[in-house]
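We did not get these values from a lab; they are worked out from the coordinates using the rules stated. Since the structure is predicted, the reported quantities are computational estimates derived from the model, not experimental observations. Backbone-built Cβ (ideal geometry, glycine too); neighbour counts: all protein chains shown.
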Amino acid sequence: MRQGLRILGLLFFIVLVSIGLLGCASDDEPNQEENTTEESENNQEAASESAFPVTITDDSGEEVVIEEEPERIISVIPSATEIIFGLDLGDKVVGVTDNDNYPEEVTEIESVGGLELNTEKIISLEPDLVVADVNNGEAISQLREHGVNVLVLGAQSLEETYEDIQTVGKATGAVEKADEVVGSMKEDVESVKSAVQDIPDDERKTVWIEVGEELFSAGSGTFLNELVETAGGKNIISDQEGWPQVNEEEVIQANPDVIFLTYASYVENAVQKVKDRESWKDITAIKDDQVYPLNSDITERAGPRITEGLQMIAENLYPEKFNQE
Amino acid sequence: MKGPQNYSQKLMIWIPVLLIVLLLTVTISITIGSADIDMMTVWLVIGSNIPFLGDGMEQTWKDSTETIIWNIRMPRIILGMLVGAALAMAGAIYQGVLRNPLADPFILGVSSGSALGAALVLLFGFESMVLGQFTLPVVAFGSGLLTLFVVYTLARINYRLQMETLILAGVVVQAFIASMLSLILALSDEKMQTIMYWMMGSLSLTDWSYNRVIFPFVLLTILFVTFLTRELNMLALGEEAAYHSGVSVQKVRLILLVVASLLTGVAVSVSGTIGFVGLIIPHMIRLLFGSDYRIILPLSVLGGAIFLVGADTIARTILEPRELPIGIITAFLGAPFFGYLLRKKKSNYF
């Protein structure tokens with residue numbers, strides 16, 4: 001049993017470390033990717049709209065060849081599901097995971113597993129495209145060995161999310177719609193940026209992002225950090241990478257103006273619990289009642305709704321800048 | 001077994017020595033931390049919180065500094081001392097009673113039971129109106145004792161308790177509980193991290209309230225057990241020897257096991273399962289000072305307190321502002337030592 005605990009602990013660390021590594025890795029990957037995306041984009045626009053076959057280099061580094069427009073799509077990651085539905089291709093989706101909850105109709109679609117994918121189920125649904133995430137790991141190569149066409153996404157930033165949306169658009173023959181979705185996302189981002197750009201540096205609010213009650217937080221390289229900084233906030237632990245567990249002293253000393261909780265959807269009274277912490281009572285965010293729950297579905301999923309998450313964060317940070325509009 | 005003078009002489013020397021080491025460790029621990037607060041301010045804050053001494057003092061530091069020193073670092077260090085002392089003492093008792101060098105505070109399933117109780121509380125987010133923040137510790141404590149009861153009942157054959165049977169029963173019950181824990185983890189989705197974190201053990205996010213509850217308990221238990229050290233010596237020699245020297249073997253053994261399990265339950269309920277302390281501290285003391293439990297028990301209490309406060313200080317400062325799980329530090333320091341013990345075992349000191 002104690003050995004079991006240790007193994008579980010070890011697994012936990014491997015997960016944490018690999019999340020951290022992903023965070024680091026994403027720094028240098030996008031450039032290379034950007035080039036290939038743009039190149040093939042140009043190629044395709046030069047040709048006609050639905051020019052299949054298309055060849056796409058996906059986020060796993062694999063060249064994926066899609067012979068004709070996919071009619072049966074399986075999404076094994078909620079962010080991909082949101083992208084596909086965002087491109088109005090929802091009626092082509094024949095399989096999703098247990099974790100999918102948006103849009104509402106996905107709950108009607110057959111499930112192919114949760115965190116662990118059911119490969120048999122996926123193959124039996126005869127998909128002509130499976131959209132996965134780099135975190136699906138082993139399952140991806142297993143599916144590919146069985147001749148299933150797998151497109152792997154792995155966005156870790158807004159910029160990469162745009163690229164992933166365009167990649168999916170290309171793979172499904174919805175390039176125009178993808179451009180439209182990305183365009184409106186960029187507009188959202190611009191409107192937030194322009195609303196907060198005049199705030200002088202010393203008036204920008206400091207933010208503590210709490211990802212777990214044990215004071216896990218989101219450092220640089222994470223979506224949450226990018227969203228908070230884009231919305232004009234200052235993450236108090238942006239000097240750390242990935243998902244660090246932070247010492248309580250650090251938070252109290254940094255004295256954040258605003259606190260965001262990402263786990264409020266599954267922990268009861270999360271906001272109240274933070275406010276009740278005895279040693280936190282002098283923190284500005286607690287005194288000014290600035291503790292907000294964040295819907296992690298729209299702040300952590302690399303899909304079209306991520307900019308909604310950005311707007312929500314910005315409105316919580318600077319309500320006065322947004323209520324006037 | 002040496003004469004009484006010898007053992008009391010040793011204690012007269014070593015208890016003060018270890019007390020000084022403990023004081024030094026605490027002093028260093030309170031002074032360093034993630035927040036940048038200079039040593040002078042740290043001691044002014046502490047001084048101002050001591051009754052009478054601090055009455056006339058004026059506060060020249062920020063409120064947040066006061067909070068960090070007095071409401072975060074201090075209770076955490078005291079909790080570390082209490083948990084370390086409790087685990088080391090429980091380990092020493094188990095090793096003596098079970099006559100097994102691998103025995104540690106978790107061997108009879110108390111920690112597994114506690115972990116299961118805690119995991120269920122965390123999974124369902126259950127919080128009792130009466131108990132409030134103490135819901136989790138109380139449930140963990142209760143389920144730990146329940147597990148001990150099951151193990152004990154399983155192992156008792158014809159009203160007699162065989163130590164080998166007891167250890168086996170502990171292993172079997174732990175295996176069963178581990179499977180249930182794995183099931184809970186598999187089904188827990190986003191709560192997984194919280195449950196895992198609890199099982200790894202930690203002294204962070206504590207406050208004075210936990211200390212107020214467990215301090216009297218740990219203190220009383222330590223005092224109580226010092227009256228039973230002679231019997232523990234006899235038991236460690238073997239059942240026969242104990243019986244012939246007039247020890248009521250079954251009764252004393254049961255009392256000691258229950259006391260050790262209560263100590264473990266209390267420690268685990270407030271800090272999760274912190275490994276290695278209960279295993280290596282008694283060994284270290286035995287190696288250094290001989291196998292007389294009249295010496296091992298009091299020195300293990302101090303050694304456990306020093307070791308855990310030291311390990312926690314490293315855990316919270318080495319990668320600051322990050323925290324490391326304390327289990328990493330205790331095992332990182334403890335495992336090499338255990339290797340050393342294995343080499344040393346040639347001399348057959350146990």
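Over chain B, with a Gaussian network built from C-alpha contacts below 10 Å, which listed residue (B:Met89, B:Met199, B:Met57) shows the highest mean-square fluctuation?
Among B:Met89, B:Met199, B:Met57, the largest mean-square fluctuation in the Gaussian network model of chain B belongs to B:Met57.
Of the residues B:Val252, B:Val270, B:Val309, which exhibits the maximal mean-square fluctuation in a Gaussian network model of chain B defined by a 10 Å Cα contact cut-off?
B:Val252
Quick one: Debye curve from the alpha-carbon atoms of the protein assembly as shown only, equal weights, vacuum; give me log10 I(q)/I(0) at q = 0.07 Å⁻¹ to two decimals.
The calculated log intensity ratios at q = 0.07 Å⁻¹ are -0.57.
Please list the radius of gyration and Dmax for the stretch B:146-279, considering alpha-carbon atoms only, with Å as the unit.
Looking at the stretch B:146-279, its Cα Rg and Dmax stand at 17.9, 57 Å.
Quick one, could you list the DSSP H helices from chain B stretching 20 Å or more along their long axis (Cα atoms) with average Kyte-Doolittle hydropathy of 0.0 or above?
Answer set is B:4-31, B:74-98, B:110-124, B:135-155, B:163-187, B:208-226, B:249-271, B:293-317, B:326-344.
Holding the Cα-Cα limit at 24 Å, pick out from A:Lys205/B:Lys62; A:Lys287/B:Lys62; A:Lys321/B:Lys62 the pairs that are longer than that.
Beyond 24 Å between Cα atoms: A:Lys321/B:Lys62.
What is the Cα coordinate range of the stretch B:4-347 on the first, second and third principal axes, sorted by size from largest, in whole angstrom?
If we take the Cα atoms of the stretch B:4-347, the spans are 67, 57, 40 Å.
Compute the whole-percent fraction of alpha carbon pairs in the stretch A:198-323 spaced more than 17 Å apart.
Value for the stretch A:198-323: 54 percent of Cα pairs lie more than 17 Å apart.
Which value at 222 nm does chain B reach when only helices count, each DSSP H run of 4 or more adding -39,500 (n - 2.57), with the total divided by all residues and rounded to the nearest 500 deg cm²/dmol?
-24000 deg cm²/dmol
Show which lysines lie in cross-link reach of B:Lys10 when reach means a straight Cα distance below 22 angstrom and same-chain residues fewer than eight apart are skipped.
Of all the lysines, those that pass the test against B:Lys10 - Cα under 22 Å, at least 8 places apart if same chain - are B:Lys2.
Just to be sure I understand: with springs between alpha-carbon atoms less than 10 Å apart, which residue in B:Asp292, B:Asp38, B:Asp104 has the highest mean-square fluctuation in the Gaussian network model of chain B?
Fluctuation is largest for B:Asp38.
Taking every residue in A:237-247, how many Cβ atoms of other protein chains lie within 10 Å of its Cβ, on average?
That average works out to 4.
For a quick protection proxy, order the peptides B:318-325, A:268-275, B:233-240, B:298-305 by their average other-Cβ count within 10 Å, most packed first.
Per-residue mean Cβ counts within 10 Å order the peptides as B:298-305, B:318-325, B:233-240, A:268-275.
If you find the alpha carbon centre of the stretch A:131-173 and of the stretch A:190-229, how far apart are they in angstrom?
Each part's Cα centre sits 28 Å from the other's.
Return the aspartates and glutamates within reach of A:Lys234: Cα separation strictly under 16 angstrom, same-chain partners fewer than 8 residues apart disregarded; answer none if there are no such residues.
Straight-distance partners of A:Lys234: A:Asp198, A:Asp201, A:Asp202, A:Glu203, A:Glu210, A:Glu226, A:Glu250, A:Asp257, A:Glu315.
Does the stretch B:1-159 come out rounded, prolate or oblate by the C-alpha gyration tensor, with a ≥ b ≥ c the root eigenvalues, rounded set by a/c under 1.5 and, if not, prolate when a/b is larger than b/c and oblate if not?
Oblate, since a/c reaches 1.5 and b/c is not below a/b.
Below 8 Å between Cα atoms, with a sequence gap of 6+, how large is the relative contact order for the stretch A:198-323 in percent?
Normalised by residue count, the contact order of the stretch A:198-323 is 26 percent.
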